[in-house]
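None of the figures in this text is laboratory data; all of them are computed from the coordinates on show. These numbers come from a predicted model, not from an experiment. Please note: Cβ atoms are built from the backbone with ideal geometry, for glycine as well, and neighbour counts cover all protein chains shown.
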Amino acid sequence: MQTAETPKIPVGISSCLLGERVRFDGGHKRNTYIMHTLGQFFEFEAYCPEMSIGLGTPRQPIRLVSEADGTHCVGTRDTKLDVTEALTASAEDQKSWHSQLFGYILKKDSPSCGMERVKLYHGEHCERTGVGLYAARLMENFPNLPVEEEGRLGDPVLRENFIQRVLIYKRWHDELEVPTDAGWEQLHRFHAVHKLTLYSHNQAQARVLGRALADAPASEEFATFKQHYLSELMPLLKIRATRGNHVNVLQHIQGYLKHQLDKDDKQELVETITHYHRGELPLIVPITLLRHHFRRHPHPYINDAHYLNPHPVELMLLNQL
Ligand code: SF4
């Protein structure tokens with residue numbers, strides 16, 4: 001199991017979320033949960049695209065407008081101020097340090113940093129279909145990078161989902177993005193230790209990915225398949241893990257104990273999973289009970305699975321699921 005001493009993971013963040021006074025009105029949007037809780041595990045790399053292109057603070061607000069030649073970002077008072085290219089170039093210029101990140105937390109609603117549902121103006125009418133220009137180029141350059149908005153991190157399921165994606169993306173880089181002669185072997189191991197986690201998101205898609213991996217070595221070059229695997233893995237992890245899917249995974253794990261547990265222990269496990277299913281217990285309870293049983297009755301596949309060996313930050317979040 002990983003410990004609290006595990007090195008912090010580099011994650012990009014909109015500067016205003018860390019309390020930097022970089023907003024158009026000279027204020028900030030400090031998020032104490034991000035700073036104090038996630039900050040224990042993530043090494044934040046803060047960046048404000050609007051400051052980086054020299055807009056200064058305070059400044060006139062900018063907004064996204066739909067023009068005949070595409071989306072522009074212009075001043076709300078002086079529409080001649082067009083920072084479309086500057087904001088996109090700002091993301092492009094940061095590619096080098098972006099490539100060292102394992103996640104990014106963006107400020108919602110911003111015409112620069114917003115990940116989705118940003119106001120896009122058609123004349124005086126607006127709809128929430130825009131994407132901040134800095135964020136758009138960041139996500140285009142790094143389509144597998146876990147990205148989330150601070151507003152959505154208030155939802156326990158989305159929060160756990162984002163953190164899990166960051167942790168798995170980091171593991172991917174540590175284990176698969178290193179020169180080795182044993183690439184296929186490592187990818188098979190990576191898949192095996194994450195299989196139960198993938199099942200909690202979508203069992204059918206996880207099986208398809210597993211089959212593709214099983215069939216691949218005979219016909220595909222490793223480097224090509226590895227990129228294909230990652231491009232399937234990250235969207236799969238983005239699917240919300242439901243309580244029902246977790247129950248299926250817990251029952252699957254329970255099956256490995258059918259010859260090891262006595263009647264009372266089996267009954268206790270069944271009841272614990274049932275209570276979790278009904279929403280009467282958090283996920284940490286059946287997981288802790290299973291971990292206890294597998295310490296006494298080890299099974300190599302289950303004991304190695306990350307599902308039962310969460311990172312400390314995940315362990316904390318399982319109390320809320
Ligand atoms: S949302 Fe982005 S551009 Fe706006 S102040 Fe925050 S970091 Fe700067």
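Per residue of the stretch 130-137, in order, report the coupling 6.51 cos²θ - 1.76 cosθ + 1.60 (Karplus, θ = phi - 60°) as ³J(HN,Hα) in whole Hz, putting x for Gly and Pro.
x, 10, x, 5, 5, 4, 4, 6
Between 132, 26, 70, which gets the highest mean-square fluctuation from a Gaussian network model of the chain, Cα cutoff 10 Å?
Fluctuation is largest for 70.
Quickly estimate the mean residue ellipticity at 222 nm for the chain, helices only: each DSSP H run with n ≥ 4 gives -39500 (n - 2.57), and the total goes over all residues, rounded to 500.
Working: 13 runs with 148 residues, N = 321.
My calculation for the chain gives -14000 deg cm²/dmol from helical runs alone.
Hey, could you grab the Kirkwood Rh for the stretch 69-113? Inverse mean 1/r over distinct alpha carbon pairs, Å, one decimal. Don't skip to the end; give the middle numbers.
Details: mean 1/r = 0.0811 Å⁻¹.
In the stretch 69-113 this quantity evaluates to 12.3 Å.
As an exercise, identify the GluC sites (Glu not before Pro) in the stretch 166-230 lying in DSSP coil whose Cβ has no more than 10 other Cβ atoms within 10 Å.
Details: sites: 175, 177, 185, 220, 221; in loops: 177, 220, 221.
Answer in residue order: 177, 221.
By how many degrees, 0 to 90 and rounded to 10, does the Cα axis of helix 222-238 deviate from the longest principal axis of the chain?
That works out to roughly 80 degrees.
Under a point-charge model restricted to the Cβ atoms of Lys and Arg (+1) and Asp and Glu (-1), what is the dipole moment magnitude of the stretch 182-237 relative to its Cα centre, in debye to the nearest 20?
Details: 5 positive and 5 negative charges, 47 e Å.
Once rounded to the nearest 20, the dipole reads 220 debye.
Per the Debye formula with a single identical scatterer at each Cα and no solvent contribution, what log10 I(q)/I(0) holds for the stretch 9-153 at q = 0.14, 0.20, 0.21 Å⁻¹?
-0.62, -1.27, -1.38
Just for the chain, what percent of DSSP beta bridges are antiparallel, to the closest 5? Provide the component values of the computation, followed by the final result.
Details: 12 of 25 bridges.
Antiparallel bridges: around 50 percent, rounded to the nearest 5.
Roughly what % of DSSP beta bridges within the stretch 1-76 run antiparallel, to the nearest 5? All intermediate terms of the calculation are to be shown ahead of the outcome.
Values: 6 of 12 bridges.
Percent antiparallel among DSSP bridges in the stretch 1-76 is about 50.
Where in the stretch 141-157 does the label zone of residue 32 land, with the point 7 angstrom along Cα→C-beta and an amide N cut-off under 19 Å?
Within reach of a label on residue 32, which here means backbone N under 19 Å from a point 7 Å along Cα→Cβ, the stretch 141-157 contributes 150-156.
Sticking to Cα atoms, compute the Rg of the chain to one decimal and its Dmax as the biggest Cα-Cα distance, whole number, in Å.
That works out to 22.5, 76 Å for Rg and Dmax.
Out of the stretch 116-187, which trypsin sites (Lys or Arg not before Pro) are coil in DSSP terms and have no more than 16 other C-beta atoms within 10 Å? Numbers along the way, then the final one.
Values: sites: 117, 119, 128, 137, 152, 159, 165, 170, 171; in loops: 117.
Here the trypsin sites (Lys or Arg not before Pro) that fit, given the DSSP loop and packing criteria, are 117.
May I ask what percent, to the nearest 5, of DSSP beta bridges between residues of the stretch 9-153 are antiparallel? Can you show the working numbers first?
Numbers: 12 of 25 bridges.
Given both bridge residues lie in the stretch 9-153, the antiparallel proportion sits at roughly 50 percent.
Could you give the alpha-carbon Rg of the stretch 156-321 over 2.2 N^0.38 Å, rounded to two decimals? Intermediate values should be presented prior to the final figure.
On the way: Rg = 16.6 Å, N = 166, 2.2 N^0.38 = 15.3 Å.
After normalising by residue count via 2.2 N^0.38 Å, the value is 1.08.
Read phi for every residue in the stretch 102-115 and hand back ³J(HN,Hα) as whole Hz from Karplus 6.51 cos²θ - 1.76 cosθ + 1.60, θ = phi - 60°, with x for Gly and Pro.
So the Karplus estimates, Gly and Pro as x, are 10, x, 8, 10, 10, 7, 6, 6, 7, x, 9, 9, x, 7 Hz.
Which FRET efficiency value, to the nearest 0.05, is calculated for residue 243 and residue 295 with the Förster distance at 25 angstrom and r the Cβ-Cβ distance? Show your work: numbers first, answer last.
Values: r = 25 Å, r/R0 = 1.02.
For residue 243 and residue 295, the calculated efficiency is 0.45.
How far, in degrees from 0 to 90, does helix 84-93 lean away from the longest principal axis of the Cα atoms of the chain, to the nearest 10?
So the inclination is approximately 50 degrees.
Can you tell me the orientation of helix 156-176 relative to the chain, as the angle in degrees between its alpha-carbon axis and the longest Cα principal axis, to the nearest 10?
80 degrees
Cβ under 15 Å from residue 243's Cβ, residue 243 left aside: what net charge do those residues give with Lys, Arg +1 and Asp, Glu -1? Don't skip to the answer; put the middle values down first.
Details: positive: 240, 278; negative: 155, 160, 280.
So the environment of residue 243 carries a net charge of -1.
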